[in-house]
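Engineer: To start, I am sharing the structure in question, which I have written as structure tokens.
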Amino acid sequence: MMPTIKAEFKKIFTTRSTYLLILIALVIIGIFSVYGEGFKDSANLLNSSHNHPIKAQLPLFIAGTITQIATFVGIFGGIIALLLITHEYRYNTITYTLTISNSRTKVLFSKVAAVLGFVFVYSVVMTAIGVGLIYVGLALSHNVMPHQDINYLTYLAKSVFYAEGYALAALLLGVLIRNQVGAFAALFVIPGPVEGLLSLMLRADSVYLPFMALSQVVQAPIIMNGHPAHPNNDTGYLSAPKGALVFLVYLVVGWAVAWYLFLRRDATKIT
Amino acid sequence: MIKAKNLSKSYTSLNVRKDFRSVKKAVDNLSFEVETGKVTGFLGPNGAGKSTTMRLMLGLDNGRGHTTYDGQALKSYKNPSKIVGILLEAKAFHPTRTARNHLKVLAAAGGIPYKRVDEVLELVGLSDVAKSKPGKFSLGMSQRLGIAAAILGEPKYLILDEPANGLDPEGIAWLRQFLRNYAKNGRGVFVSSHLLSEMSMMADNVVVIGKGKLIADTSIDKLIAGAGSEVYVRASSTAELEKSLDKAGFKFKKDGKGLAVTGAKTDDIGKLAHDAKLTVLELTARTASLEQAFLELTEGSEEFQAKTEKAEKK
């Protein structure tokens, strides 16, 4: 299985789109961290009146920013994962991939392994860069944040989980749909408009929808009356572990279906 | 030896206007063999099921039947890239992944050392463009890259779908020589092509299919011989010659000023004319071409037919 995994890594690193997407992610995270958070938001927070409730959030400033960075990291990691499979069908390289290997299961699991490995490194590096750039923004704005109430490891783990989850969901959509445009549309329509419309019906239960459950893992922390609190909005709330569990259930079921279809379907070019 | 046995593949399509659900047999119970040491040509009209058959042989399409490579299924080998190399579509590559990287990906998957990548690029004449993105390659260059991919693992068998498409005359000559040499070294080559004259020079055996069914599985020589070779003869008296041919039991038809005799050798006709005391003015052996043999065999089994003047008049 190692040669197949090695080949999948090679596929990721020998396409221009991978580098382009990483660059775009870097630019967006850079602007968001340096200017949006480190320079502007920090000033707004620090300059708000002493009694303003938002002031209570100052110790969670970095933690909140990391959760927001995670969503950018996740989206771009997801696109790279999606391209790994849809390019195969679009350019018909799937014929080589499946002929060289003696098992379709091996091919599928190699893709999953390569995505997990790549997204792990990518999300750790991007999150670290993002956090570093917040401090650059703070330094540029000469703002000094109070002591931050943050366990970096926990937030890093949450960010990595979110990015891995998003990438595996994107890869899953790619395996199921195979058509690149269709898979892209699904990746952006399902978490946004589809789950958004469903949440109008499901209200508080909408946190049990797959991408909403995943977003619970990186829910920005808030402090109310001096204590960490749960955001109490219309879409309900799940703790990070529960959100992760709900999302994993969707992922396992989805991948079981994808695995079955990957074994059964003809490996044809899909444009 | 590759043994394809009872290969079948059907496509179901929904058609609300017609009978709602129609099943089309792309490949119908096809069995044949590809021998080692020989180039086996794979012929058939457009839509005959050649590509589908190749895909079935490789397990890319799910259908019925099975194919064995030296007695084993392809998937039972630890490293299938050492058993079979494929070229099913010339442009099967990522357009922005360089030619070398494209082959490196395949080499990595097949556990093939990277130095082999440069070897095959050199062999197919693409060394100069190894670092170029193949998206802008011509069809001929793409075919060469496809051939490089097929031979990367030095497989025992090659399965190639129209590899000569887009190649220039020099490229076609190179391919012919290369595939013949490849087969000579105890390997098997299974190649489809529409260039029948090329196939007649390249292949030892041919498998001919039409509408997914096997029409012929034989050697090129037998196929051509069976397509009705004839002898053209023109003598001092056509009427006398006709009488002699009739008497000897030969079948013939008038052809201009002479006669076209089927199933005969020039020696027989020359002797016959001599015995009848006729002066032979012209005596030519007419060997059928592979094209004639192919057209004869596949008549009526074309999936798509162009309108001819004759058909339009009807």
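Only the coordinates and a few stated rules stand behind these numbers; no lab work does. Predicted model, so just to flag it, every value in this text is computed and none were measured. Please note: Cβ atoms are built from the backbone with ideal geometry, for glycine as well, and neighbour counts cover all protein chains shown.
Rundown of residues vs (1) surrounded by 14 or more Cβ atoms within 10 Å (Cβ to Cβ); (2) within 19 Å of residue A:250 (Cα to Cα); (3) hydrophobic (A, V, I, L, M, F, W, C), yes/no style:
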position: A:138; (1), (2), (3): yes, no, yes
position: A:143; (1), (2), (3): yes, no, no
position: A:146; (1), (2), (3): no, no, no
position: A:151; (1), (2), (3): no, no, no
position: A:163; (1), (2), (3): yes, yes, yes
position: A:171; (1), (2), (3): yes, yes, yes
position: A:174; (1), (2), (3): yes, yes, no
position: A:177; (1), (2), (3): yes, yes, yes
position: A:181; (1), (2), (3): no, no, yes
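Engineer: Out of all the residues in the range B:108-124, which are crowded, with 16+ Cβ neighbours inside 10 Å and not in a helix (DSSP H, G or I)?
Structural biologist: Correct list: B:111, B:112, B:124.
Engineer: Then there's this: Within the range B:79-97, is even one residue of a type in the set (Ser, Thr, Tyr), in a strand (DSSP E or B) and surrounded by 15 or more Cβ atoms within 10 Å (Cβ to Cβ)? Don't jump to the end; show me each part of the working.
Structural biologist: Let us first name the residues in the range B:79-97 that are of a type in the set (Ser, Thr, Tyr), namely B:81, B:96.
Still in the running and in a strand (DSSP E or B): none.
No, the conditions are met nowhere in the range B:79-97.
Engineer: Which one of the conditions (1) surrounded by fewer than 24 Cβ atoms within 10 Å (Cβ to Cβ); (2) assigned to a helix (DSSP H, G or I); (3) free of Cβ contacts under 8 Å to residues at least 12 places away in the same chain does residue B:105 fail to meet, given that it meets all the rest?
Structural biologist: With respect to (1) surrounded by fewer than 24 Cβ atoms within 10 Å (Cβ to Cβ); (2) assigned to a helix (DSSP H, G or I); (3) free of Cβ contacts under 8 Å to residues at least 12 places away in the same chain, residue B:105 is out only on (1).
Engineer: Sticking with this structure for a sec: Pick from A:39, A:72, A:61: which is under 17 Å from the mean Cα position of the chain (by Cα), assigned to a helix (DSSP H, G or I), more than 14 Å from chain B (Cβ to nearest Cβ) and more than 24 Å from residue B:95 (Cβ to Cβ)?
Structural biologist: Result of the check over A:39, A:72, A:61: A:72.
Engineer: Could you list all residues from the range B:243-283 that are closer than 30 Å to residue B:198 by Cα and surrounded by 13 or more Cβ atoms within 10 Å (Cβ to Cβ)?
Structural biologist: Within the range B:243-283, B:255, B:260, B:261, B:262, B:263, B:264, B:266, B:283 meet the criteria.
Engineer: If you don't mind, there's one more thing I want to ask. Within the range B:51-75, which residues are of a type outside the set (D, E, K, R), more than 7 Å from chain A (Cβ to nearest Cβ) and either part of a loop (DSSP other than H, G, I, E, B) or over 22 Å from the mean Cα position of the chain (by Cα) (or both)?
Structural biologist: Residues satisfying the conditions are B:59, B:63, B:71, B:72, B:73, B:74.
Engineer: Answer yes or no as to whether residue B:216 is under 30 Å from residue B:8 (Cα atoms), in contact with a Gly (Cβ under 7 Å, 6 or more places away or on another chain) and surrounded by 18 or more Cβ atoms within 10 Å (Cβ to Cβ).
Structural biologist: Here the answer is no, as residue B:216 does not meet what is asked.
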